[in-house]
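Written below as structure tokens is the structure these notes are about.
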Amino acid sequence: MTHAPITDWLPAGKRAAVCWSIDDVHPGTSAEHYDGGGDLGKGALGLVARLLERHPYLHVTLFTTADWREISPSPHPLLSKVPVLRDRLYLSRILPEGTRRIDRHPAFVAYLKCMPRTEIGLHGLHHIHRGPLLHVEFQDESVADHTAKLRKMLQIFDASGLRYVRGMCPPGWNAPPHLLTAMRDLELAFVASARDIRTPISAAAQTDMSGLKGASLIHPSRIAGSRLVHFASNFQATSPWERAKEIVEAGGLLAVKAHIIKDALGHVALDGIDPIYCNFLDMVFARLHAEYGDSLWWTTMGEIADRVRAARVDAA
């Protein structure tokens, strides 16, 4: 499957763009501060909100799971060694279905609605799968199976009353062809299915790390045979400032990635939202704004996808 880079996606007068997206958002986010009616502002979402306050030009996309059921991202060490069985079971404890359905947590929904310059994107139905790849929700199922799961996901979002964009970052960045077909059939607008923080920056650089391979690293691209716009994440907590500067100088999209959970039962995310990462992002965003001013387009993946699809920009 080819991924054709898109040309002329920037508005007039803009040399590059900046997006910030955060995965794994759900009603259990910052569980130590959230009991279904607590103050979400004291947890990781509060750190995000404070960054938005400090940088009035900044936008964020919160990739949110409809009915989060994952407890631990790490498979049980013994179960994962049993042939056959390991492919048929959930290899970790999981939450009962419906426990963290977003439409059953009005305080969570209300908090997201009040966050300024915040776009809500899709991040799967349950964020779990049977077998060793516990957190990779979309795997080798049929188009019909993927479609049914996506329909249920969309139904829960609709029931929540939360405004969202029709774009998804699939858990684990895994977007097999059957999933992309299902997304196309349901008229989703974009997919964010690649993360590459290692490949050197150039206008022709292609993704070669997590998720889809061979897509443009710094430009939106088009999934062959569909109107789906693809985005790659190319910067995170472990990336040096110079990488951000190189992406901007190359006229690309600086797509900054984070995960809302820092420590999931001992699994520590290097790009998890905590005060240290937020301090780093505070510096990066401030320096970008100081050095490039109004020449940067501070935007979201949903806004870029809408612009590209509305303009019917030709593939390069």
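The values are calculated or read from the model by the stated rules, or taken from the named source; none is laboratory data. Keep in mind the model is a prediction, meaning the values are calculated, not measured. Glycine also receives a Cβ, built like all others from the backbone with ideal geometry; neighbour counts cover every protein chain displayed.
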Within segment 185-202, the residues that are surrounded by 23 or more Cβ atoms within 10 Å (Cβ to Cβ) and of a type in the set (A, V, I, L, M) are Val191, Ala192, Ala194
Looking only at segment 211-241, count every residue that is closer than 15 Å to Met168 by Cβ and among the hydroxyl-bearing types (Ser, Thr, Tyr) and tell me the total. 2
Criterion first (in contact with a helix residue (DSSP H, G or I) (Cβ under 8 Å, 6 or more places away or on another chain) and either buried (at least 16 other Cβ atoms within 10 Å of the Cβ) or modelled with pLDDT under 90 (or both)) does Leu288 satisfy it? yes
Taking the residues in segment 242-279 that are surrounded by 14 or more Cβ atoms within 10 Å (Cβ to Cβ), closer than 24 Å to Gly172 by Cα and among the small types (Gly, Ala, Ser) as candidates, determine which candidate is nearest to the chain's Cα centre (by Cα). Ala258
Taking the condition of a type in the set (A, V, I, L, M), modelled with pLDDT under 95 and in contact with a Gly (Cβ under 9 Å, 6 or more places away or on another chain), does Ile261 pass? yes
Which members of segment 108-123 meet the condition of being in contact with a Ser or Thr (Cβ under 7 Å, 6 or more places away or on another chain) and more than 11 Å from Phe157 (Cβ to Cβ)? Leu112, Glu119
Helices (runs of 4 or more DSSP H) lying entirely in segment 7-123 (those with 2 or more residues that are modelled with pLDDT under 90): 85-88
Single match in Ala205, Ala182, Ala159 (criterion: in contact with an Asp or Glu (Cβ under 9 Å, 6 or more places away or on another chain), without any contact (Cβ under 8 Å) to a residue 24 or more places away in the chain and either under 22 Å from Gly28 (Cβ atoms) or crowded, with 18+ Cβ neighbours inside 10 Å (or both)): Ala205
Going by the structure shown, is Ala255 small (Gly, Ala, Ser) and under 20 Å from Thr300 (Cβ atoms)? yes
Which of the following residues is assigned to a strand (DSSP E or B) and over 30 Å from Ser92 (Cβ atoms): Leu288, Leu254? Leu254
Matching residues, segment 257-276, being part of a loop (DSSP other than H, G, I, E, B), touching a residue at least 60 places away in the same chain (Cβ under 8 Å) and either small (Gly, Ala, Ser) or closer than 16 Å to Ser216 by Cβ (or both): Gly266
